[in-house]
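Single-structure report; data block below.
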Amino acid sequence: MDTTPLPVKVLDDVFGTPITVHLTLALDVYSHSLVAFRLTPVSEASVEVAMLLRDVMLPLPMRPDWGEEVEWPYPGVPAALVAEFAGHKVAGLPFFAPETVTSDHGSVYKNHHIVAVTRRLGIDLLPARAMRPTDKAACERAFAGIQSLLLEMLLGYRGVDVADRGVDPEGDAVWSLSQMENLLATWIVSVWQNRRLDQYAPAWDPGGRHSPNTLFAAAAARDGISLEIPEPESYFELLPTHYVKIDRRRGVKIGGLWYGGTDPVLDPYRGQRSGRSGQHAGKWAMGRDPRDCRQVFFENPGQPGHWHALDWNGLPPGDDVPAFGDARVRELLGEAARAGLKPLDDRELLPMLLKLLAARTPVTQWPTQMTAQQKAERARELARARAAAVDRPPAPLTVLRPPARPAELAATTQRAISDDRQRRRKAAVTQPPTPPPLLGEALRARNLFLLPDEDDNQPDTPEPA
């Protein structure tokens, strides 16, 4: 596995401005198959690497614009059987449980989260030796092959150095982030997996014509294919884990925010200690996706394997508040501290969060009111949230949600602001106000010469005979 900046300027899916993205690859050394990849704006985090390892073990679903020629072609296991196990039609790309993963010494590949993920998946993490380029030569050559075979022909290509850079690669950029992801996936399945490997011919047939697909087919015919497909719930198990206590009233506090304040799932465990021992004795394990901090996930000890989403206490009912990541949470808490705000409830942070998301600015003024850095940060935040929504079950992997446009984001956040203001007005008024009396009723009540009304309920007196 390795990561490199993509030498093509792409447009973000929100504002349409040129940005730089990073390409992370997972390469099978034996067959030289590109078994998984990720495009992340600016830089990747450990959660993207964890999900990339999960993608290596999952069969790649067919996309709507792919034909039958890229469907599962490998012998030994029929395509119908693989589709039955996976739950969808499978494209012609190898999937397996890796035993050893070699990476460089980047912090994203050797932090505690990745170490825990590899231990959970049964993978040995083998860092490349310093000053030994041969340890990752195949992956570096794959980057060069993608560049020479595909990326150099695209508009917006900026090269690897100043000599290769065009006059205005930002102005030439026409590919959006979602379009570039779909282009790379299509090219890998249809071109890379079927191209001839001249210098990488196997030792048992050095003069033969082999491609990544034929090498994997030969390995499958010799050793078989393991159909151990991870469950959709493995997404929760690969998230960063936080060990916290469960408060009786406010729930759990993770990253400065409170979650699950009124969730009935936590009621049996509020104020209780868990059976965990060791460094985190008595604490409860919670999973949180740093790409979307609106929820955290809790595995009920009474129902192992069942994960429950705990909403942020500041979220209003519904899905009006856009997704926000951990960077936005740090910015929110910093703004609250500078303003001297010490909220008793996270609902007091919601107006400040909406302000940070530029929700109060009309959408027609976004290009002028937001700086280039603010637009890049917001586009990266929404791109990561979209990737988290695709990774999270039970959303099907074949469906890529359309990227949100600025008008949609503005409308969503404006609805959230209106609903929040209405809730605060209702909470401030404990009793509904009584309407004042009509003008005629007030004059009638003060008139001293007004005859009393006849009592209609009094029985009539009989006339004398």
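The values are calculated or read from the model by the stated rules, or taken from the named source; none is laboratory data. Computed from a prediction, not measured in an experiment: that's the story for all the values here. Every residue, glycine among them, receives a Cβ derived from its backbone with ideal geometry; neighbour counts consider all protein chains shown. Quick note on the areas: whole protein, heavy atoms, side chains included, nothing else; ligands and nucleic acids left out. Shrake-Rupley method; radii C 1.70, N 1.55, O 1.52, S 1.80 Å.
Let's see how each residue does on (1) open to solvent by less than 30 Å² (accessible area, probe 1.4 Å); (2) assigned to a loop (DSSP other than H, G, I, E, B):
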residue: E228; (1), (2): no, yes
residue: Y235; (1), (2): yes, no
residue: L239; (1), (2): yes, yes
residue: V252; (1), (2): yes, no
residue: G261; (1), (2): yes, yes
residue: G271; (1), (2): no, yes
residue: G275; (1), (2): no, yes
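Selection over the stretch 145-154 of residues that are of a type outside the set (A, V, I, L, M, F, W, C) and open to solvent by 60 Å² or more (accessible area, probe 1.4 Å) gives a count of 1. Within the stretch 115-135, if we keep just the residues that are touching a helix residue (DSSP H, G or I) at 6+ places or on another chain (Cβ under 6 Å) and outside any helix (DSSP H, G or I), the residue that is nearest to I225 (Cα to Cα) turns out to be L125. Does T100 satisfy the condition of being more than 30 Å from G159 (Cβ to Cβ), of a type in the set (S, T, N, Q) and at pLDDT 90 or above? Yes; evaluated as a whole, the condition is true for this residue.
Residues that are out of contact with any helix residue (DSSP H, G or I) (no Cβ under 9 Å at 6 or more places or on another chain), more than 15 Å from A130 (Cα to Cα) and either open to solvent by less than 20 Å² (accessible area, probe 1.4 Å) or not in a loop (DSSP other than H, G, I, E, B) (or both) within the stretch 92-114 comprise just one, T100.
Check whether at least one residue in the stretch 311-322 is crowded, with 20+ Cβ neighbours inside 10 Å, modelled with pLDDT under 85 and closer than 17 Å to Q374 by Cβ, and report yes or no. Checked against the condition, which is being crowded, with 20+ Cβ neighbours inside 10 Å, modelled with pLDDT under 85 and closer than 17 Å to Q374 by Cβ, the stretch 311-322 yields at least one hit.
Yes or no: the stretch 131-144 includes at least one residue that is out of contact with any Leu (no Cβ under 7 Å at 6 or more places or on another chain), over 24 Å from P7 (Cα atoms) and open to solvent by 60 Å² or more (accessible area, probe 1.4 Å). There is at least one residue in the stretch 131-144 that is out of contact with any Leu (no Cβ under 7 Å at 6 or more places or on another chain), over 24 Å from P7 (Cα atoms) and open to solvent by 60 Å² or more (accessible area, probe 1.4 Å). Right, R63: part of a loop (DSSP other than H, G, I, E, B) and either at pLDDT 90 or above or open to solvent by 30 Å² or more (accessible area, probe 1.4 Å) (or both) or not? Answer is yes for this residue. The residues of the stretch 287-306 that are part of a loop (DSSP other than H, G, I, E, B) and closer than 16 Å to Y269 by Cβ, listed by number, are N300, P301, G302, Q303, P304, H306. Scanning the stretch 241-250 for residues that are among the β-branched types (V, I, T) and open to solvent by 60 Å² or more (accessible area, probe 1.4 Å) returns a single hit, T241. Of the residues making up the stretch 188-226, those that are hydrophobic (A, V, I, L, M, F, W, C), open to solvent by 50 Å² or more (accessible area, probe 1.4 Å) and either part of a helix (DSSP H, G or I) or modelled with pLDDT of 85 or more (or both) are V191, A221. Taking the stretch 340-360 as the range and being assigned to a loop (DSSP other than H, G, I, E, B), open to solvent by 40 Å² or more (accessible area, probe 1.4 Å) and either at pLDDT below 80 or closer than 22 Å to Q295 by Cβ (or both) as the test, the residues that pass are L341, K342, L344, D345, R360.
Under the condition of being closer than 19 Å to A387 by Cα and assigned to a loop (DSSP other than H, G, I, E, B), the residues counted in the stretch 1-43 number 9. Scanning the stretch 32-70 for residues that are of a type in the set (A, V, I, L, M) and more than 26 Å from Y200 (Cβ to Cβ) gives V42, A45, V47, A50, M51, M62. Could you check, for the stretch 151-162, whether at least one of its residues is in a helix (DSSP H, G or I) and in contact with a strand residue (DSSP E or B) (Cβ under 8 Å, 6 or more places away or on another chain)? So far as the stretch 151-162 goes, yes, one or more of its residues are in a helix (DSSP H, G or I) and in contact with a strand residue (DSSP E or B) (Cβ under 8 Å, 6 or more places away or on another chain).
Taking the criterion of being under 26 Å from R330 (Cα atoms) and basic (K, R), the only residue of the stretch 251-275 that qualifies is K253. For the stretch 156-170, filtering for residues that are touching a Lys or Arg at 6+ places or on another chain (Cβ under 9 Å) and open to solvent by 70 Å² or more (accessible area, probe 1.4 Å) leaves 2.
Filtered by the rule that a residue be in contact with a Phe, Trp or Tyr (Cβ under 9 Å, 6 or more places away or on another chain) and at pLDDT below 90, the stretch 264-278 gives a lone residue, R276.
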